[in-house]
1. I need the full set of residues from the stretch 94-110 which are more than 25 Å from the chain's Cα centre (by Cα) and closer than 21 Å to residue 168 by Cβ, in order please.
2. Quick test for you: out of 51, 57, 62, pick the one residue that is over 20 Å from residue 149 (Cα atoms) and surrounded by 14 or more Cβ atoms within 10 Å (Cβ to Cβ).
3. Quick check, is residue 185 surrounded by fewer than 22 Cβ atoms within 10 Å (Cβ to Cβ), closer than 15 Å to residue 78 by Cα and in contact with a helix residue (DSSP H, G or I) (Cβ under 9 Å, 6 or more places away or on another chain)?
4. Going through the stretch 100-123 one residue at a time, which ones are free of Cβ contacts under 8 Å to residues at least 12 places away in the same chain and farther than 18 Å from residue 149 by Cβ?
5. Touching a residue at least 24 places away in the same chain (Cβ under 8 Å), crowded, with 16+ Cβ neighbours inside 10 Å and over 17 Å from residue 151 (Cα atoms): is that true of residue 126 in this structure?
6. From the list 79, 31, 43, pick out the single residue that is over 27 Å from residue 146 (Cβ atoms), surrounded by 15 or more Cβ atoms within 10 Å (Cβ to Cβ) and in contact (Cβ under 8 Å) with a residue 24 or more places away in the chain.
7. Please tell me if residue 147 is assigned to a loop (DSSP other than H, G, I, E, B), surrounded by fewer than 21 Cβ atoms within 10 Å (Cβ to Cβ) and at pLDDT 90 or above.
8. Inside the stretch 129-144, can you point out the residues that are in contact with a strand residue (DSSP E or B) (Cβ under 9 Å, 6 or more places away or on another chain) and either touching a residue at least 60 places away in the same chain (Cβ under 8 Å) or part of a loop (DSSP other than H, G, I, E, B) (or both)?
C-alpha cells in the first residue's frame, strides 16, 4: 500500500489558450488535514477536480492511493464536496442522504452513521430548504462521507459561514481525520491555515509553498497566517521579477534586417 494519498507529476491543465496549472509536482501523505490555500482564481478548484478525476488534464499525471485519479478502483475511496451544497430542497436531510446512498450503492444503514458524525441528528427530518447555510454544508459533507471514503476533497466548505459555524465544521473535520481519513480542504480564508496539519499555498496556478502551520509562521516571522501568506507572495513576486529580468538580459536585441535597396524585409 502506497504511503501517499495524492501524487501529481508535471500536471498541466489548460483552458483554451490559458494555462491554469503548469507542470505541477506534488506529493501528499495519508492521514492528515491538508489545507489548500490561496486567493480566488489561484487554481485550487481546478487542482481538486483533477484529484477527483473530473477535470480534463492536458498533460502529466495525477494518482490517488497509487491509482489514476478518477479510475474505477477509487469509486468508493474518494468523497467530493463541491463549493455549492448539492442537496434537494424538497427532501429531508435523511431522505437526501438515503437517495445519495442508493446512487452510490452504499447500504442504507450508512445514512445514520454519517448523520451522527456530522451532528445532524436534530435536523435529520427537516426539509433541506429550511436549513441554515452551515447545516446545508454539513448535509453535503455527510453525503461525501457515505461509504467511508479514505480521502475527502472539500472545496471551500466554509465559504460564507460566520466564525462560529466555521469552527463547528472544522471540529468535525478534525474528528474525521482522527479516524484516519485524509482531507484536502481548500479555502481563501488564511486564518484556517492554523487548523490544518499541512499547507499548500497556491498562486496563479502554482504551488508556491508546501509547509506546516508552525513552519509557516516561523519561517516568515509573521504574527498571523494572513501576514505570512502575504510575505510569501511578496517573495514569490520578487523571484518571478528576477527571473523575467534575467531572461530579458540574455535575449538578443532584435535585428534591423534590410534588403539590398535599404528597405526593411
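The values are calculated or read from the model by the stated rules, or taken from the named source; none is laboratory data. Treat the numbers as computed from the prediction; the structure is a model and nothing was measured. As a convention, Cβ positions derive from the backbone with ideal geometry for all residues, glycine included, and neighbour counts pool all protein chains shown.
1. Correct list: 94 only.
2. Exactly one of 51, 57, 62 is over 20 Å from residue 149 (Cα atoms) and surrounded by 14 or more Cβ atoms within 10 Å (Cβ to Cβ), namely 57.
3. The answer is no for residue 185.
4. Within the stretch 100-123, 121, 122 meet the criteria.
5. Working: touching a residue at least 24 places away in the same chain (Cβ under 8 Å): yes; crowded, with 16+ Cβ neighbours inside 10 Å: no; over 17 Å from residue 151 (Cα atoms): yes.
No.
6. Testing whether each residue is over 27 Å from residue 146 (Cβ atoms), surrounded by 15 or more Cβ atoms within 10 Å (Cβ to Cβ) and in contact (Cβ under 8 Å) with a residue 24 or more places away in the chain leaves just 43.
7. Working: assigned to a loop (DSSP other than H, G, I, E, B): yes; surrounded by fewer than 21 Cβ atoms within 10 Å (Cβ to Cβ): yes; at pLDDT 90 or above: yes.
Against the criterion (assigned to a loop (DSSP other than H, G, I, E, B), surrounded by fewer than 21 Cβ atoms within 10 Å (Cβ to Cβ) and at pLDDT 90 or above), residue 147 qualifies.
8. Matches in the stretch 129-144: 141, 143, 144.
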